[in-house]
Amino acid sequence: MHPRSGKLLCRVTGIAAVSVLLTGCLINPFAQDAQPAAEPVAKAAKTAITRQVAVVLSNELPDFVAIANEPENRLGNEKVTVHNLDGKPGNAEHVLAEVDAAGADQLVAVGLLAAKVGREQQSRPMVFCQTYNYKQYGLLSETSKGIGLLPPFDKQFDTGHELDSKLKRIGLLSGSNQEDLLAEIRLAGDDKGIEVISRVVNSDKEALLEFKRMMANIQGLIILPDNRILSPGVLRELMSLGAKHRTQIAVYAPGLLNLGALVSFTGRPTDIAGAVITRLENIQTDGRIPGPDLVPLKDISVQVNPAVADHLSLIIPARLARSPGSR
Amino acid sequence: MRRTDTTSDVAARIKRGSQYGRWSSVPGLASRLKQGIPDTRVVYRVLRSATQAVQNFFRRRSLLGEMLLLQLLFAIVAGSLAFGALWLSSSRAAADNMRNWGEQWLSTLDEISMPLYVAQDDERHLQVEEYVQKFPEIAFVRFYSDSGELVFEDYQQEGIAGLAPLTVATLQGLINAPRDDQRYLLDTVEQDMPLMRIGKPIWTEALLMDGLLGLDLSDDSAVETTLIGFVELGLNSSAYGEELARTIRSGTLWGTLLLVLLTVASWLVYRRALLPLSHLQAPLKKLAKGHTDFTVETAGHTEIVAIADALNTTVTALNERDKKLWHLANHDSLTGLVNRHRFAEILNNELARLEDTDNTSALLFIDLDQFKYVNDTVGHAAGDRLLQDVAERLTNGVRQSDTVSRFGGDEFVVLLSDVNEKQVKDICEDLIRNASEHHFIENEESFTVRCSIGITMIWGNEFTPADLLSQADMACHHAKSLGRNRYDFYKASSRSMAGMASEVGLSRQIQQALQDDTFVLHFQPIVDINTRQATHYEVLLRMRGTNNKLILPDAFLPAAIRFGLMIDVDRWVIRNALEQIAEMRAEHPDIGFTLNVSGNMFETPDFVDFVQKSLKETGVPMEAIVLEITEQVAVRTIGNSGRRITKLAKLGCKFALDDFGAGYSSYSYLKTLPVDYIKIDGSFIRNIVSDIVDQKIVGSIIEIAKATGKQTIAEHVVDYETFALLSELGVDFAQGHFLGKPGKVPSSEEIPTSIADAKKKRRRKVSQTA
């Protein structure tokens, strides 16, 4: 077991006694927003909160850990055990055994690997997050639903306009089976006066090729976090071409700012964690999870690369400059 | 046919070349070749002629031409090397470029091929085809699936569709190629064109599931690689190669043009730079032809200035040397006056000048009256000083425009330009007066050396210089005959002048005889009076006259002496006599010969050398020769004569004192002169039988000769009585018609032993004559 997992288990044991109180007093501002008004089942299912929750991490990315800590904080150590796959599918069996040993009856999967591992056991309902290609891997079911990965697109476009008021046309590269998402993005763009030109590609090279083709017609590019169509080499080349052709590139991982992206949009861990807990609370006794397949995020964390902004002659708004997420 | 063409070509070349020197050295070659008869000799001769033509070209090459030629050769070599290197490097660069382009095209096809693997529709195909069509070098493209099946193929050029697809094994080989070097040169094939096939696998990479959120570019394991298929590209480099060849051809053409322009420019530059050197060419040519009447400008480049200075110095030195040589050749070394040769030139020029004018000039022949006396009295050195003194006074006595020349001995000639008879008379009177008033002092003795002057006036070019000199000489002799210390004009009608004219005629005959080698030598025996055998023969000279009769020397030798021909005559005699003597001695090796030598010849400085050289050339021993010199000659130059006689005597030569008793005979001379024989003058022998005085004189001479160890020879022995008397008197040798007349070949009469025999002999001769 990963050391982090052991620490988390100790905490679970230590705070088990106050878990009910905490649970009853929990006030989650996001939860209220996240739960649709037309979800009576969710309110009825609040009793299920007393169940044992296992949080499985794909690996110990800071955001993942931050997300994992929220249920622990809110539900108490006794009710929550955290398990780490350490990025290795081979750890799945062992981690699942731990989950079984912990008596968990609810599962939270953070990351795609964790979601895929969680999907392999059918006995517990699972709420997954930080997962993009959930359809690709068949993660959705009555007992398995998730939290959106991407922050709200209207806020993304607003940020984009703040950075460059002349932004009118952007490109979008995505893998297959993301038609709904693409439609949502185009719709959000239309609302903000930004034309979104989307391309569905099948490989990293095709992504690069499509970007080259559309490069002359777009001012910015959104690189969706589709691991299927992205490779380190192509990412580098996309960034390089973007810098060369003064194309603003938006990504969904702050790590890519180092490669030359202008802005990174991510969800806030608290927001994600809140949504997770809400979904956990709404799990019904039969394990079904009410509500949409994916609960969208409400908040956004923005980080801007000042060097790239300067290269593109963009002035970073004060709000973004002061933002702790801005770089 | 080929052979005939070749020979015709060669023949044509020879025909063309025959207009230019060396080719013409192959006469008939062209026609022979045209007839189709080439052989190795023809080829050899053609090659030799060509080689000689090239050699001639290089032999006559100029510095400028050679510099340009070398530059041109260097440029051609350098240009060829450069073009060769350019061709090689360009070819390699082209191949590299083609490969690089191929790799680039492969990468692009790798990118754009992805849709092809997702959906096989026309749009996808079109994308690939559009891309491939942009590049004519791409002959075809093929895409394979990951299992090796042909997915798509597009052929841009004809004739290659039949090219077999790659096998699975080959494709597997591409997979196994190192990942960092996926380029893979498959092969090159000749499919109607040079074709290079390259291929590579098509991979895609994808981040692992959560790779993007926690992107770590240094972690290769975070990437998942998938083989999609393969792409094969056929490249045809012929179009590029042709373009490259066109470029290089064009470059070569421009390079050649540039080379020609550079050569022309270099020629101009070099010619300008070498212009000062070229300017030296004309003076050098002049110098080579012997002309030294120029100077070279000494300005410009340092090297040229040095050459010009050297040239000028050389020219100056040559001029000075020529001037000195000219002076030596044209002036008398003793007096510094112009010599006979130069005077003849001046006289010729004067005649030419007078031809175009009405002016008259005069030629003076001056002979010193007392010079011989001074010479004999106080010696030759004093005589030389006297001559120098006279020369100076003559020069001062005439005008600057006149010419004074020493003609030889004590004879001077003067050319007075543009004078009439009165002026000539005035000048001559001044010269005679000056001579009379001037006293030459030597050894505290005072001499008054007067002169006689012969004058001839010159009108136009009616007479030759020789005629004029003869006329002046004759006038001089006439003046002397009239009493010396006076002048006289030449008059063609004068009787005495007629005699002079006769001598002049003889002198011309002598010159002609010398020139035509028509003198004749006769030999007269000299008989030992005791043995009555001819032991020697005297060589006697005869000249063939205009009527083919032989002229005796007494008739022409005075003229020869007067006109300065005696030395030449003597030389002729010595040279020809020795040649004949050499032949005669082959049969009669014991016979000796006597040769007459004139005083003029004997006094020449190279007399001894000449005799030695002639003897050596003919092989005649010195002992076989007796040289006869006259008493006057021996006495006049007693000092030098003695030395010369002694020198030749040491070498074995003997001397005879000819005509002893006819001149200033002094018995003391017999004591001092180192001669072997005394030839008693014929005037004492002719009447010796009847004249008691002659008997006494001859007897005395014989006695004194015997006393001084000399032998005597009696001339003009005409009868037995004389011969017998001379025998009684003790003469050693006798010579005369009684003993043998001169003849072309040596012969001797039979000498009678008594008067009776002599009479018999005389009667026999008379009857034979009758």
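Key figures
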{"quantity": "Residue, farthest from the chain's Cα centre (by Cα), within segment B:204-218, restricted to residues that are modelled with pLDDT of 80 or more and open to solvent by less than 50 Å² (accessible area, probe 1.4 Å)", "calculated": "B:207"}
{"quantity": "Pair list, Cβ < 6 Å and 6+ apart or interchain, from segment B:106-127 residues that are more than 8 Å from every other protein chain (Cβ to nearest Cβ) to residues that are open to solvent by 40 Å² or more (accessible area, probe 1.4 Å) and part of a helix (DSSP H, G or I)", "calculated": "B:116/B:124"}
{"quantity": "Of the criteria (1) open to solvent by 20 Å² or more (accessible area, probe 1.4 Å); (2) closer than 14 Å to residue B:362 by Cα, which one residue B:413 fails", "calculated": "(1)"}
{"quantity": "Test for residue A:113: is it within 14 Å of another protein chain (Cβ to nearest Cβ) and over 19 Å from residue A:270 (Cα atoms)", "calculated": "yes"}
{"quantity": "Residue check, residue A:167 under 24 Å from residue B:207 (Cα atoms) and among the aliphatic types (A, V, I, L, M)", "calculated": "no"}
{"quantity": "Some residue of segment B:189-203 being within 12 Å of another protein chain (Cβ to nearest Cβ) and either modelled with pLDDT of 80 or more or open to solvent by 30 Å² or more (accessible area, probe 1.4 Å) (or both)", "calculated": "yes"}
{"quantity": "Residue A:179 surrounded by fewer than 22 Cβ atoms within 10 Å (Cβ to Cβ), touching a strand residue (DSSP E or B) at 6+ places or on another chain (Cβ under 6 Å) and acidic (Asp, Glu)", "calculated": "no"}
{"quantity": "Filter result (facing chain B (nearest Cβ under 10 Å) and open to solvent by less than 10 Å² (accessible area, probe 1.4 Å)) within segment A:235-251", "calculated": "A:235, A:251"}
{"quantity": "Qualifying helices (runs of 4 or more DSSP H) (wholly inside segment A:6-112; at least 1 residues being at pLDDT 75 or above)", "calculated": "A:62-75, A:92-101"}
{"quantity": "Filtered residues of segment A:117-164 (kept if basic (Lys, Arg) and modelled with pLDDT of 90 or more)", "calculated": "A:145, A:155"}
{"quantity": "Matching entry among A:283, A:277, A:272 (being buried (at least 23 other Cβ atoms within 10 Å of the Cβ) and within 14 Å of chain B (Cβ to nearest Cβ))", "calculated": "A:272"}
{"quantity": "Test for residue A:169: is it in the same structural domain as residue A:249 (by TED's automatic domain parsing) and closer than 21 Å to residue A:227 by Cα", "calculated": "no"}
{"quantity": "Elements of type helices (runs of 4 or more DSSP H) in segment B:261-355, at least 1 residues being touching a residue at least 40 places away in the same chain (Cβ under 8 Å) and surrounded by 12 or more Cβ atoms within 10 Å (Cβ to Cβ)", "calculated": "B:275-279, B:340-355"}
{"quantity": "Elements of type helices (runs of 4 or more DSSP H) in segment B:529-632, at least 2 residues being surrounded by 14 or more Cβ atoms within 10 Å (Cβ to Cβ), of a type in the set (Lys, Arg) and in contact (Cβ under 8 Å) with a residue 12 or more places away in the chain", "calculated": "B:566-587"}
{"quantity": "Any hit, segment B:400-410, residues being in contact (Cβ under 8 Å) with a residue 24 or more places away in the chain, assigned to a helix (DSSP H, G or I) and either assigned by TED's automatic domain parsing to the domain that holds residue B:455 or out of contact with any Ser or Thr (no Cβ under 9 Å at 6 or more places or on another chain) (or both)", "calculated": "no"}
{"quantity": "Flag if residue A:155 is open to solvent by 10 Å² or more (accessible area, probe 1.4 Å) and either in contact (Cβ under 8 Å) with a residue 40 or more places away in the chain or away from every other protein chain (no Cβ under 13 Å) (or both)", "calculated": "yes"}
{"quantity": "Wholly within segment B:62-138, helices (runs of 4 or more DSSP H) carrying at least 1 residues that are closer than 21 Å to residue B:266 by Cα and of a type in the set (A, V, I, L, M)", "calculated": "B:63-112"}
{"quantity": "Selection status of residue B:427, open to solvent by less than 60 Å² (accessible area, probe 1.4 Å) and part of a strand (DSSP E or B)", "calculated": "no"}
{"quantity": "Complete set of residues in segment A:115-132 that are in a loop (DSSP other than H, G, I, E, B) and surrounded by fewer than 23 Cβ atoms within 10 Å (Cβ to Cβ)", "calculated": "A:121, A:122, A:123, A:124"}
{"quantity": "Residue in segment B:361-368 that is at pLDDT below 90 and farther than 30 Å from residue B:292 by Cα present", "calculated": "yes"}
{"quantity": "First in segment B:416-443 and in contact (Cβ under 8 Å) with a residue 40 or more places away in the chain, second anywhere and among the β-branched types (Val, Ile, Thr) and in a loop (DSSP other than H, G, I, E, B), Cβ under 6 Å, 6 or more apart", "calculated": "B:440/B:449"}
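Residues are listed down the side, and each one gets a yes or a no for (1) closer than 23 Å to residue A:308 by Cα; (2) away from chain B (no Cβ under 11 Å); (3) at pLDDT below 90:
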| position | (1), (2), (3) |
| --- | --- |
| A:169 | yes, yes, no |
| A:173 | yes, yes, no |
| A:184 | no, yes, no |
| A:190 | no, yes, no |
| A:202 | no, no, yes |
| A:218 | yes, yes, no |
| A:222 | yes, yes, no |
| A:227 | no, no, yes |
| A:233 | yes, no, yes |
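The values are calculated or read from the model by the stated rules, or taken from the named source; none is laboratory data. Predicted model, so just to flag it, every value in this text is computed and none were measured. Using ideal geometry, Cβ is built from the backbone for each residue, glycine included, and neighbour counts are taken over all protein chains shown. Ligands, DNA and RNA are stripped out before the accessible areas are found, and what is left, the full protein with its side chains, is counted by its heavy atoms. Shrake-Rupley method; radii C 1.70, N 1.55, O 1.52, S 1.80 Å.
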